[in-house]
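Take a look at the structure below.
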Amino acid sequence: QVQLVESGGGLVQAGGSLRLSCAASGRTFSNYVMGWFRQAPGKEREFVAAIRWNYGTSYADSVKGRFAISRDNAKNTVYLQMNSLKPEDTAVYYCAATLGRTTGTAGGYNYWGQGTQVTVSS
């Protein structure tokens, strides 16, 4: 069982930066693939980024070059550094965890946090 708690969301102007954090409970954090997803009003939850146990990463095309996912296994925490934010990045951002191999879709994840709101003003 894994419990996830996100933090770091807020209101930022376009072009600004935010860093989201996701603290995980559990003794086997390092075994999990950790992902970030987001959901804007009226839209489906979409993949943002994932980081594997071997620190390999993957990103949605819409955030490549602007966002960076990282993890600190000693702190049981995964981060999402978001730079050059755009109004279309406005959404609730969710942290997720899985031991599976399907990491690019929400259905591949077993554990979810409650989400943190990110609002980017123009």
- Item | Label-zone membership for the stretch 65-99, site R27, 7 angstrom Cα→C-beta point, backbone N under 19 Å | 73-77, 99
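At 1.4 Å probe radius, can you tell me the per residue accessible area of the chain in Å²?
Value for the chain: 52 Å² per residue.
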- Want the number for L99 to Q1: 0.36 nm per residue separation, take away the alpha-carbon distance, what's left? 34.2 nm
- Message: If I model a spin label at Q117 and K43 as a point 7 Å from the Cα along the Cα→Cβ vector, what separation in nanometres do I get?
- Response: 1.7 nm
- Message: Relative contact order for the chain: what percent, with Cα pairs under 8 Å and sequence separation of 6 or more?
- Response: 36 percent
- Along the Cα-to-Cβ line of R52, 7 Å from the Cα, sits a label point; which residues in the stretch 97-114 have backbone N less than 12 Å from it? 100-104
- Roughly how many percent of the accessible protein surface of the stretch 8-122 is carbon and sulfur, given a 1.4 Å probe and a whole-percent answer? 47 percent
- Query: Restricting attention to the stretch 30-122, which GluC sites (Glu not before Pro) occupy a DSSP loop and are surrounded by at most 11 other Cβ atoms within 10 Å?
  - Reply: E44
- Checking W53, W112, W36 against a Gaussian network model of the chain (alpha-carbon springs below 10 Å), the top fluctuating residue turns out to be W53
- Item | Of V5, N54, G16, farthest towards positive along the dipole that unit charges on Lys, Arg, Asp, Glu beta carbons give the chain | N54
- Note on the structure: Relative contact order in percent for the stretch 33-83 (Cα pairs under 8 Å, 6+ apart) equals 26 percent
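So, with +1 on the Cβ of K and R and -1 on the Cβ of D and E, and no other charges, what is the size of the charge dipole of the chain about its Cα centre, to the nearest 20 debye?
The calculated dipole for the chain is roughly 260 debye.
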- Message: Could you identify which residue out of N76, N54, N110 has the top mean-square fluctuation in a GNM of the chain using Cα springs shorter than 10 Å?
- Response: N54
- Projected-area average for the stretch 16-122 over all orientations - Cα convex hull basis, square nanometres: 6.4 nm²
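The values are calculated or read from the model by the stated rules, or taken from the named source; none is laboratory data. Since the structure is predicted, the reported quantities are computational estimates derived from the model, not experimental observations. Positions of Cβ are generated from backbone atoms using ideal geometry, with glycine treated the same way; all protein chains shown enter the neighbour counts. Surface accessibility is based on the protein's heavy atoms, side chains included, excluding ligands, DNA and RNA. Shrake-Rupley method; radii C 1.70, N 1.55, O 1.52, S 1.80 Å.
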